[in-house]
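The values are calculated or read from the model by the stated rules, or taken from the named source; none is laboratory data. Every value quoted in this text rests on a predicted model; they were computed, and no experiment measured them. Here Cβ is always computed from backbone atoms with ideal geometry, including for glycine, and neighbour counts include all displayed protein chains. Just the protein is used for accessible areas: all its heavy atoms, side chains included, with ligands, DNA and RNA removed. Shrake-Rupley method; radii C 1.70, N 1.55, O 1.52, S 1.80 Å.
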Amino acid sequence: MPPIPTLVFAGGPIHDFRGVGGAARDALAAAGDFTITYLEEDLDALLPDRLAPFRLLVFHYTVGTISDAQKNGLLNWVAAGGGFVGIHSAADSFRDCPEYRAMVGGYFVTHPKYRDYQVSVVDGAHPITEGLDEFMVRDEQYVLDYDPRVNVLATALWKGKAMPVAWTKPWGRGRVFYLALGHDEPAMRHPIAQRLLVRGARWAAGSLDG
């Protein structure tokens, strides 16, 4: 199978987007089945002609504003069959854009302090989480408002309630994988976070199925 043409995009004013973006890029490069273009900050990369060469977009961005042309470029590209992987603050991008939030499947509400916590796999039959069970991370846990129709793959407890850590969903003919891990570079370099990222990227691109 030929390599997956992939755009890894990082930006935004809050997180260490270079650290996270670089860690994501490195994980995908090490996997060997992605041809990677790496970009920072230029949201015009979401315009139709810029996205057209790619099968997969791996996206780490925080807050910001998206234009109608950029929004339509992204949403239509995914709906036409593109794969979208959102890392951590991809659920806190473009707060004034309900269509983007709908595509991702949920959005950031709050977070406890950066800490150690346990992640539990709740759908071990999915090819992204197959063979995984429970693992510890040191990260910023996101508390999310999310569409109950998403397929939650993994959760972590917050005040006794299970909060999603990873999910999948469709958007038109495209696939969306969201991973709440990856607040900073060390968190994104966690070996299981990287495994989930790589498997999620393959799944979103249509090259990994159960």
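What label, among (i) 35; (ii) 7; (iii) 16, belongs to percent of Cα pairs over 32 Å apart computed from the structure on display? Structure-derived value, by its label: (ii). For a label point 7 Å from the Cα of ALA125 along Cα→C-beta, name the residues of the range 140-183 whose backbone N is under 18 Å from it. So the set is 149-155, 167-170. Average 1/r across all pairs of distinct alpha carbons in the range 1-102, invert it, and you get the Kirkwood radius: 13.6 Å. Note on the range 90-188: Cα Rg divided by 2.2 N^0.38 Å, N the number of residues, gives 1.05. Note on the range 148-203: with charges restricted to the Cβ of Lys and Arg (+1) and Asp and Glu (-1), its dipole about the Cα centre is near 300 debye. Label-to-label distance for ASP33 and ARG95 is 3.9 nm, based on points extended 7 Å past Cα in the beta-carbon direction. Counting only protein heavy atoms and a probe of 1.4 Å, the accessible surface of the range 57-206 is 50% carbon and sulfur. With the simple spin-label model, which puts each label point 7 Å out from Cα in the Cβ direction, the ASP145 to ALA80 separation comes to 3.2 nm.
Subtracting the Cα-Cα distance of GLU134 and THR110 from their residue separation scaled by 0.36 nm leaves 6.3 nm.
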